[in-house]
Amino acid sequence: MNIWDTFILNPMINALLYIYNFLGPTLGLAGAFGLAIIVFTILIRLITLPLTYKQQQSTQKMQELQQDKEYIKIQEKHKGNRQKLQEEQMKLYKKKGINPFAGCVPTVIQLPIIFGLYGAVIRALADSPSPLLEFSKHIYSSVSSTIIPLDSQFLWMDLGLPERFPIPGLEGLPLVGDGLPILAIIVIITSYLQTKLTTPPQPGSQGGGMTQMMGVYMPLLLGWFAYTLAAGLALYFVVSNVLAISQAVIMKRYRSAPEAAGKKKKAKEQPKESSVLGILSNVQASLTKLLAAPSESTAQGSNSNESSKDQSEPSTKKKADAKGS
Amino acid sequence: MKPKLVIPLLIGGAFVLSACAGAGFRTATSWPGLSSDGETVYMAFNQAVYAIDADNGNLKWSYPAEPKSNRTFFAPPTVTEDGTLYVGDFANGIVALSASNGAVEWGPIQLGESNGRIVGGSTIAGDLLLVPSGDGRLYARDISDGSAVWTFPAEFSNPLEESIWSAPVVDGARVFFTSMDHNVYSVDLAQGGQLWMADRDLGGAIADSPVLVDSKLLAGTFGHKLIALDKDRGREAWTFDAGNWIWGSPAVGDGVAYFGDLAGQLHAVDVNSGSEIWKETLSSRISTSPVLSEDRMFVAAESGTLFVREISTKRDLWNVALDGDLHTDPLVLGDTVIVATSGGEPLLCAFDVENGTERWSFTPGGSDKRCRSG
């Protein structure tokens, strides 16, 4: 056993098996391995919450910084000198205590999880002798062997194979002949939304270019993974993305609520505890905004109509300035 | 980091991730399947079936002439006295070949959906060929032309929830087989109707064949148990807890069942009472069935060592460490023992049963490597 197996792969495999054992054989739920992946993903998001929370705080600081007079001044002053602009921006980031690369943190954290989960799903759903015998090496003695072999079916999917939703009439067509890759499409959409919501905008900087590229290529890459690899991994991507989007929206709501309260007396009456409907409406507002103007939305608040209106003014002004120049 | 570096890094990551499991999702594979008619060793492995001279290890023939990546063979071939070889593949097909030259006698015939793999060997009972399939069905075919006689469970009903990975056992008019669904079944040989299934979930998947000893059927489970069932009604006679997964079938001699487990323990259990006679820990996991021949016991351990013991004294006669893992049961032909390796070279090694002297080796395409490295 190597370090990867001992510290990443085996704990993941066995965590999945414990959850599977509880949901399937104990509670008798159908599609237990798919549910185990969902529960596992939620646990992973909870464990990494402190990190993602800090990252999203940093994202919001970046968004606020773009309305900072000093920041706008630097942009105008060093418009023609890219290198100088970057230097000044970095100084300002340092001064304000902002890490411009914080947007990459969740992605970096996710990589070992993706690799580990991918290995865990592939191994756990072994359905021929050699892979199953190999899988047995990774199982802790405390896991009940009565759960083997695992049930790989979840809804319409076999979690050990690439997901395709069978649609009569598509047979023989290229790419979709075996069915529609619904999960891959959802992965692309949710990855795009997640990146837009959680990645700080850094116009004009090197980091900004990278962030923009990540925003485009990461969803496509994850979509490709979901299209070609085991459906269990695609399920992880979808659940993880949805949780990240929800977290981002909720954080924006809580962060912008006090600001709105300071500006509008009416906002004081707003309940501290957000209702489910409130959260949903925020998600809806954020998504609508993103779809309407994807390049702008990350620079703007997306909490309430009022707060987004408040925050849209500097952005509009900035656009006008840019046009003028 | 330059933005342009991001794309190669992502593509590199994608490549690494895709490479982790070959095809990008679970792959179906197994170890070599071995059988013999005394003169020839038949080996099903990957995309071909090989007939090898048992005396010198020379290749007699191989099938098919043009191997295809979507048709692989791992189930031990079944050979009849009249010289026909039946081989199942991992696309749920079965083919009948001439044992002398590998010419196709009939088939390949598709038994069910192509995702149902044939892992275990077939069994011949009179004019019937009984083929266990990964699709959860046992197929009975006419040996003369491969035509369907019956299927269990019947075509109009659902298959078993899990695969059947091992060869069935025939006793008169009854067929017994195990399933990965934690059960043992008995069906009527003539019609394929169910006679019984074990009176409870046996607590673990069963990968290898049951062993018939007098009125009992013995089967080892992944649930750590060696279970003896009454062959007439499927009721449990006794259970022995081995402490780890039991993959291979027990070998029975003089009222004692010998079997290994994945913790590397070799057990000897009294067949009548299910009580332990002795156990010994070897240096490696054991997923194969021991083979008994006269007073010798051959045990292939996963780490690549073939242990040869004297049964009466438990004394080590000789051992040999091979390149690769051992997952295939050893094959004893007179004074020669043959082992197939997984992931090593040579693929087949033949030794003198007396002293372990290497007799010959075989690797498809040839190899300069010797079985004994020392």
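Every number in this text was worked out from the coordinates using simple rules, so none of it is lab data. Note that this is a predicted model, so its numbers are computed, not measured. Here the Cβ positions follow ideal geometry from the backbone for every residue, glycine too, while neighbour counts run over all protein chains shown.
The fewest-to-most ranking of B:232, B:214 by surrounding Cβ atoms within 10 Å reads B:214, B:232.
Sorted fewest first by neighbouring Cβ atoms within 10 angstrom, B:141, B:372 come out as B:372, B:141. Computed over neighbours whose Cβ is under 15 Å from that of residue B:76, the net charge equals -3, Lys and Arg +1, Asp and Glu -1. Taking a sphere under 13 Å around the Cβ of residue A:165 and counting the other residues whose Cβ falls inside, with K and R at +1 and D and E at -1, yields a net charge of -2.
Here the scattering of region B:102-229 is modelled by Debye summation over its C-alpha atoms, one equal scatterer each and no solvent; at q = 0.09, 0.22 Å⁻¹ the log10 of I(q)/I(0) is -0.23, -1.36. Sequence-distant contacts, meaning Cα pairs under 8 Å at least 6 residues apart, place the relative contact order of region B:236-374 at 13 percent.
Sum -39500 (n - 2.57) across every DSSP H segment of at least 4 residues in chain B, then divide by the residue count to get the 222 nm mean residue ellipticity, nearest 500. Show your work: numbers first, answer last.
On the way: 1 runs with 17 residues, N = 374.
Helix-only estimate at 222 nm: -1500 deg cm²/dmol.
Centroid-to-centroid, using Cα positions, region B:102-137 and region B:171-242 are 21 Å apart. Normalised by 2.2 N^0.38 Å, where N is the number of residues, the alpha-carbon radius of gyration of region B:24-151 equals 0.99. For the pairs A:79/A:196; B:225/B:369; A:94/A:252, note any where the Cα-Cα span goes beyond 28 Å. The answer is B:225/B:369. Give the shape of chain B as rounded, prolate or oblate, defined through the alpha-carbon gyration tensor: a ≥ b ≥ c are the square roots of its eigenvalues, a/c under 1.5 means rounded, and otherwise the shape is prolate if a/b is larger than b/c and oblate if not. Cα axes put chain B in the rounded bin. Note on chain B: with a GNM built from Cα contacts shorter than 10 Å, the maximum mean-square fluctuation among B:295, B:135, B:230 falls on B:295.
Annotation for region A:43-105: trypsin sites (Lys or Arg not before Pro) lying in DSSP loop with at most 13 further Cβ atoms inside 10 Å of their Cβ are A:79. Neighbours of residue B:201 by Cβ distance under 15 Å: Lys/Arg scored +1, Asp/Glu scored -1, total -3. For the pair region A:44-77 and region A:110-126, the centres of their Cα atoms are 31 angstrom apart. Our summary gives region B:304-359 a relative contact order of 26 percent, counting only alpha carbon pairs under 8 angstrom and 6 or more residues apart. Largest first, the extents of the alpha carbon coordinates of region B:211-347 on the three principal axes equal 46, 29, 24 Å. Classify region B:217-266 as rounded, prolate or oblate, taking a ≥ b ≥ c as the square roots of the eigenvalues of its Cα gyration tensor: rounded when a/c is under 1.5, otherwise prolate if a/b is larger than b/c and oblate if not. Note, shape of region B:217-266 comes out oblate.
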